[in-house]
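The values are calculated or read from the model by the stated rules, or taken from the named source; none is laboratory data. Predicted, not measured: the structure shown is a model, and the values here were computed from it. Here the Cβ positions follow ideal geometry from the backbone for every residue, glycine too, while neighbour counts run over all protein chains shown. The protein model used for the area step is the full one, side chains on, heavy atoms only, and it has no ligands, DNA or RNA in it. Shrake-Rupley method; radii C 1.70, N 1.55, O 1.52, S 1.80 Å.
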Amino acid sequence: MKKIIFLVSVLIIGIIVAGVILEIQTQNATRIFEKAKTLTDTQSIPSETQLFVEEKTIPKEIQISEKEERFRSFNSIQEIRSFINNYIVEVSKVPPIPRFSIKPAELEPLAPWYVPPSEPRPYRFTTNVEVGGMDDTDIVKTDGEYIYTISDDGVAIVKAYPVEDAKVISKINLGFTYDIYHSRVGGAFFFRYNIFLHVYNNKLIVIWKIDKHITILNTILVYDIEDKAQPKLEWNVTIPGIYVASKMIEENLYLIISPSILFDGEVKLPIIYEKSKEIKVQPSDVYYTPYVDFGFQFFLLIKLNVIKKSIEYKGFLLGHSNNIYLSLNNVYITQHIYTSRWLKNTLVLNIDQDYTIIHRINIKNGIRYEAVGKVAGLVLNQLSMNEYKGYFIIATASITSYPNYNIYILNMDLKVVGKKENIYISEKVLSAKFMEDKCYFILYGKYPLYVVDVSDIENPKMLGYLKIPARLISLHPINDTLVLGIIEEERGIGKISLFDIRYFYHPKEISSVTIGSIFRKIYSEAPYDSKAFLFDRSRKLLVLPSRMENYITLSGTGPTSWTSRYGSGWSILNWTISLYWQGVLVFEIEKGKIYLKGNVTNINYNKLIDGILNDRLFDKDSYYDGFTRRALIIGDFLYTISFSKIKINNIYTLEEIKEIEL
């Protein structure tokens, strides 16, 4: 009897632990299924899917064909409600694969490929990338003559080149452009931006996220900036939901937004507001696949033509395990199909391994669903997909007693034309990074870099690995033989390394420079945000926004106060204020060696310290507004850009030339 009680107790504890793990892993996701169980099943699943669910019974064996894999659309709100009610299943064990995240940063590649500007002068580099007409969103844009940047309360248009004419031309006031979030662990903080920018010819496109507490609105403002001194608002569109990503492809802005569709137990599809007109998303506009998952999210793919002022859109009710990859001509959506070891009551009991379905949606001329395919294993994350020379390449993990990794190469019909399967890697794989015809598996451990050659489409092959202790590695190509790596060996301590990949069977670290120490730890956004990374290939200069702990520590007694946009406070007893050094670190590569050239900061520390010691006032706004968020190069000048100012320095000597208050 005691043995039975013991076994039952163990089972209950196991169920509780599994529930806690599931809650922790999904707490930051948009879970539209939270209230789904309160819905009544008033309508059957659409007739196309009766094969999969009938009176909530699970078939013993299913042969999955391409027809079942394809997206189909709903016919009514009742069908959407019924689908959510029937196709959510419990997780029996959490798959050890990164899940889809709606954080914008995670949709970006680890590092962009450098593309030379079309015009030779002024010689300019940007922190964001235009690849064949595709432009990523960012908080700073430049056309080589003007800089468009968010300031602390809106958007500033700045004449940047030539330097002697540099000044603010005009400002668009919108409100707070960023929020600061402080972590409870170690006092770390990060910025969340509320405004993103695109520029196309004489159009400035502002994506403005407005948090109304009850809902989040994304307002797209299109300004005519032919006259830079007087921007004219000519179009605005508002879409509710969480902003995921956007890209500008020629005159078309593509947005991915994730709105909630469950309100008080009822399904309500979102409304797109165009000036005073309402565009209601219809059930027939919503695509789905008849596969169970442990939760669903709703996404809108929206195409806005900023010249014709036209709108196209499609909705997708996607499983919680979906990933989205956007290329110049296509959107790829993946969905995991799980075996019964992950999901309870799975619909695919006969499948002995997990696999991933891939959907291709053509966005070159409209939004057209064109192809579907599948590969074995579960896709690692959004970074593990790439489109290269008319092929789609994807890295997956097959979880057996230990993970095996696979690379599949598919044509535009999403048929597998080449593959490398069962790559055994003993370390934990964080992601895969594609650089033209090479795939790098980025690992956590002492072998952080495996290289796979995919130049032979039909026969990809393993080349070698790099052995170096690392916590995190972010890769950035310099040329055909050199790769730059940003490595974090410990939290706040790392190095910038130069790797010779001439012989892929034996990649080597040929030079490095250490940054940070146990006493003064240094952090950079670059490994996490590709747009914070700036590399000037011709001059071989690397510019990294960074911050250093314990730069200046002030203490005293007696009354002192602090103020910020979030509130104010004061102290009458002993007080201590520790300030970061924040700015950019500039590294130079010369004769195969890398070294620290110098640094630039936009913060006036003398003024800040004087205010604290003499006026007993710590102005947090001026402190945080001075943090350099981006850097760019125009001509022979380095521009460091914060919310409060732009500083211009000579690129060769780093001597300060000019300062522009925003």
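Residue order by solvent-accessible surface for Lys232, Lys415, Lys420, Lys647 is Lys232, Lys415, Lys420, Lys647, largest first, with ligands and nucleic acids left out and a 1.4 Å probe. Charge tally for Asn362 (other residues, Cβ to Cβ under 11 Å; Lys, Arg +1; Asp, Glu -1): +2. Convex hull volume per residue, computed on the Cα atoms of segment 582-662, equals 100 Å³. In sequence order, segment 374-382 has phi-based couplings of 8, 9, 6, x, 10, 5, 5, 5, 4 Hz under the Karplus curve 6.51 cos²θ - 1.76 cosθ + 1.60, θ = phi - 60°, and Gly or Pro positions carry x. Once all protein chains are placed together, Lys508 keeps about 130 Å² accessible to a 1.4 angstrom probe. With R₀ set to 45 Å, the beta-carbon distance separating Asp413 from Val168 gives a calculated FRET efficiency near 0.30.
Note on Ser538 and Asp480: their simple-model spin labels are 2.2 nm apart, each label 7 Å out from Cα toward Cβ.
Residues Trp562, Trp208, Trp570, Trp575, sorted by accessible area with the largest first, give Trp570, Trp562, Trp208, Trp575 [1.4 Å probe; ligands and nucleic acids excluded]. In this structure, the residue pairs whose Cα-Cα separation is over 32 Å, taken from Lys364/Lys540; Lys433/Lys591; Lys203/Lys364; Lys167/Lys597, are Lys364/Lys540. Under 5 Å from the amide H of Thr142 lie the amide H atoms of Tyr148, each residue being 5 or more positions distant or on a separate chain, with H modelled from the backbone and absent for Pro and chain starts.
Given axes a ≥ b ≥ c from the Cα gyration tensor, I'd like to know whether segment 499-627 is rounded (a/c under 1.5), prolate (a/b larger than b/c) or oblate. Because a/c hits 1.5 or more and a/b exceeds b/c, segment 499-627 counts as prolate. What separates the Cα centres of segment 265-301 and segment 597-662 is a distance of 44 Å. Near the amide H of Gly583, within less than 5 Å, lie the amide hydrogens of Ser546, Thr628, all on another chain or at least 5 residues away, with H placed in the peptide plane. Using the structure shown, list the pairs from Lys209/Lys415; Lys232/Lys645; Lys232/Lys314; Lys277/Lys645 with a Cα-Cα distance above 27 Å, or answer none. Distance filter (> 27 Å) returns Lys209/Lys415; Lys232/Lys314; Lys277/Lys645.
The HN-Hα couplings worked out from phi for segment 248-255 by the Karplus form 6.51 cos²θ - 1.76 cosθ + 1.60 (θ = phi - 60°) are 9, 10, 6, 8, 10, 9, 9, 10 Hz, whole numbers, x standing for Gly and Pro. A cut-off of 5 Å between modelled amide H atoms, ignoring neighbours fewer than 5 places along the same chain, links Phe637 with Ile651.
Between Thr563 and Glu226, the FRET efficiency estimated from the beta carbon spacing at R0 = 41 angstrom works out to 0.55. Solvent-accessible surface of protein heavy atoms, probed at 1.4 angstrom with all chains present, puts Glu656, Glu525 in the order Glu656, Glu525, largest first. Only protein heavy atoms count here; under a 1.4 Å probe, Arg491 has an accessible surface of about 130 Å².
For the pair Ser555 and Lys212, a Förster radius of 41 Å applied to the C-beta separation gives a FRET efficiency near 0.50, rounded to the nearest 0.05.
Once you have a ≥ b ≥ c as the square roots of the Cα gyration tensor eigenvalues for segment 245-294, tell me rounded if a/c is under 1.5, and otherwise prolate or oblate according to whether a/b is larger than b/c. The shape class here is oblate.
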